[in-house]
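Okay, structure first, notes after.
Throughout, read-outs are computed from the coordinates displayed, never taken from laboratory work. Note that the coordinates shown come from a computational prediction; the quantities given were computed from them, not determined experimentally. Note: ideal-geometry Cβ built from the backbone for every residue, glycine included; neighbour counts use all protein chains shown.
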There are 2 protein chains.
Amino acid sequence: MVKELLQSDYKTLAVYTTDEQVLPFENAQPLLTVITDIQLSKISNLETPNKVLAVAEIPEQNFSFDAVASKISLALDTINDPGNLGTIIRTAAWFGIETIICSATTADAWNAKAVQASMGALFRVKVVYADLEKVVADYTKNDIPVYATTLDGDNIYTSELAANGLIIIGSESHGVSKELLSLIDKKLLIPSFAAGNAESLNAAVAAGVVCSEFRRRG
Amino acid sequence: MVKELLQSDYKTLAVYTTDEQVLPFENAQPLLTVITDIQLSKISNLETPNKVLAVAEIPEQNFSFDAVASKISLALDTINDPGNLGTIIRTAAWFGIETIICSATTADAWNAKAVQASMGALFRVKVVYADLEKVVADYTKNDIPVYATTLDGDNIYTSELAANGLIIIGSESHGVSKELLSLIDKKLLIPSFAAGNAESLNAAVAAGVVCSEFRRRG
């Protein structure tokens, strides 16, 4: 992940390593400090730190409607679990989603667990925090579709899906908030093929299935 | 999850609760012991235990080819992370997959983290541990297709997918083992839409996308 950080637009402030050979990047050299295993384990959050640790600035990123208008973007409404958030960021990167817009009630994408779960994708996907009601208003005003995954939505497999727009993923426990749902009309359901009704889908898995469904039509 | 356990085929041995009102099931009554919050926190693995804890027998389940021959089943080759394993079990339940066959090198499905991540689906999906090479041989002998997700596979969106068969999901770090891959000819790829090549997919998300793709054709 440090390699990916150094290849990204993030501003890296310092790199500490126990093995100078580990980072063959020119731009790492001026930032590099060689330290001992004991020093690394003292400054790392990880139980079993790898050979390298980097310090970087969290970018200041604001929502810009113009930057996303022609793309498919994800919005996350109250994804509390940082591991789930990181996995969603990783999934978005796979499916070429460039921007994720998080509600203020969503976990911190730069939380250590979210960073780990993103497997470096955090450095390539633009993650912004914004008022989702205002974001949805921007889309609606410009006649660009906004989708939300809900349990009473239309079967996603047979629904018309646009080539650009916003897809809102809700929390596992409460789904997409009523306030947001009242602003949109394109509700999508990933159908369950289970015999009973007790099943549910992990938020990151749901995001993956939805992204796959949008991309496979492209 | 205790409710789902009591409604399942699992043999529940005891149920401990701090609130007798919490389990309105007739079959729970003979098993029920009311305890204090302090007692519950002492016997629970969870940091913040809920009001109820159950003890159940892990079922002895063996692989039976006849039981799966006409169905879509999942095989897991070295899924190490119990959280990922639990999420895959949950995902399988959503998509109506009845049986998951795990390599001996896959995490324990009854590990506390796997049970939690499965959200009760563990009690409804049959999870068996078996020698995957022998299992694949059973499928091949009976001319039933075996699929594996690989990075050099055919685009899953445009591949022919059977209504029954086995889908092998490999580990995130090493993929499906060479030995297994040498036994099968149907390799599938979930295409990446990323600009670069550094992306990867979480194993549970990949399982979700693959299950969705098989089911949407049905």
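Would you mind classifying the protein assembly as shown by shape? Square roots of the alpha carbon gyration tensor eigenvalues, ordered a ≥ b ≥ c; an a/c under 1.5 is rounded, otherwise it is prolate if a/b is larger than b/c and oblate if not.
Numbers: a/c = 1.28, a/b = 1.27, b/c = 1.01.
In terms of gyration-tensor shape, rounded.
If amide hydrogens are placed 1.01 Å from N in the peptide plane, which non-local residues have theirs closer than 5 Å to the one on A:ILE167?
Here the answer is A:SER73, A:LEU74, A:ALA75, A:TYR147, since their amide H atoms fall under 5 Å of that of A:ILE167.
For region A:1-131, what is the charge dipole size about the Cα centre, in debye to the nearest 20, if Lys and Arg each add +1 at the Cβ and Asp and Glu each add -1 at the Cβ? Don't jump to the answer; show the numbers that get you there.
On the way: 9 positive and 15 negative charges, 37 e Å.
In total the dipole reaches around 180 debye.
Taking only the alpha-carbon atoms of region A:2-56, what semi-axes of the equivalent ellipsoid follow from 5 times the gyration tensor eigenvalues under a square root, in whole Å, largest first? Don't jump to the answer; show the numbers that get you there.
Values: eigenvalues 67, 30, 17 Å².
Ellipsoid semi-axes (Å, largest first): 18, 12, 9.
Given labels modelled 7 Å from the Cα in the Cβ direction, how far is it in nm from A:ALA69 to B:LEU13?
Roughly 6.5 nm, to one decimal.
Mark the label point 7 Å from the Cα of B:ARG217 along Cα→Cβ and return the residues of region A:202-218 whose backbone N is within less than 16 Å of it.
Answer for this model: A:213, A:216-217.
Between A:GLU133 and the same site in the other copies, what are the distances in nm, shortest first, taking label points 7 Å from Cα along the C-beta direction?
In nanometres, ordered from closest: 6.2.
Per residue of B:184-193, count partner chain C-beta atoms within 10 Å of its C-beta, then hand back the mean as an integer. Mind dumping the intermediate values first?
Numbers: counts 0, 0, 0, 0, 0, 0, 6, 6, 5, 12.
The shielding value for this peptide is 3.
For each pair in A:LYS11/A:LYS187; A:LYS3/B:LYS134; A:LYS113/A:LYS134; A:LYS113/B:LYS42; A:LYS3/A:LYS71; A:LYS3/A:LYS186, compute the distance between the two Cα atoms and list the pairs where it is over 31 Å.
Working: A:LYS11/A:LYS187 39 Å; A:LYS3/B:LYS134 40 Å; A:LYS113/A:LYS134 29 Å; A:LYS113/B:LYS42 27 Å; A:LYS3/A:LYS71 28 Å; A:LYS3/A:LYS186 40 Å.
The answer is A:LYS11/A:LYS187; A:LYS3/B:LYS134; A:LYS3/A:LYS186.
Sort out the exposed loop GluC sites (Glu not before Pro) in chain B (DSSP loop, at most 10 other Cβ within 10 Å) and tell me the longest stretch that has none.
Details: sites that count: B:GLU47, B:GLU57, B:GLU60, B:GLU160.
Free of exposed loop sites, the longest segment is B:61-159.
Could you run the Karplus curve 6.51 cos²θ - 1.76 cosθ + 1.60 with θ = phi - 60° over region B:43-51 and give me ³J(HN,Hα) per residue in whole Hz, x for Gly and Pro?
9, 8, 7, 7, 5, 10, x, 7, 7
With the contact rule set at Cα under 8 Å and sequence spacing of 6 or more, what percent relative contact order holds for chain B?
Working: 395 pairs, mean separation 43.6, N = 218.
About 20 percent, as a whole number.
When Cβ neighbours within 10 Å are restricted to other protein chains, what is their mean count per residue of peptide B:210-216? Mind showing how you got there, number by number?
Values: counts 2, 3, 14, 5, 1, 6, 11.
Average neighbour count from other chains, rounded to a whole number: 6.
Would you mind working out the magnitude of the charge dipole of the protein assembly as shown relative to its Cα centre, with +1 at each Lys and Arg C-beta and -1 at each Asp and Glu C-beta, to the nearest 20 Debye? Don't skip to the answer; put the middle values down first.
Details: 34 positive and 52 negative charges, 66 e Å.
I would put it at about 320 debye.
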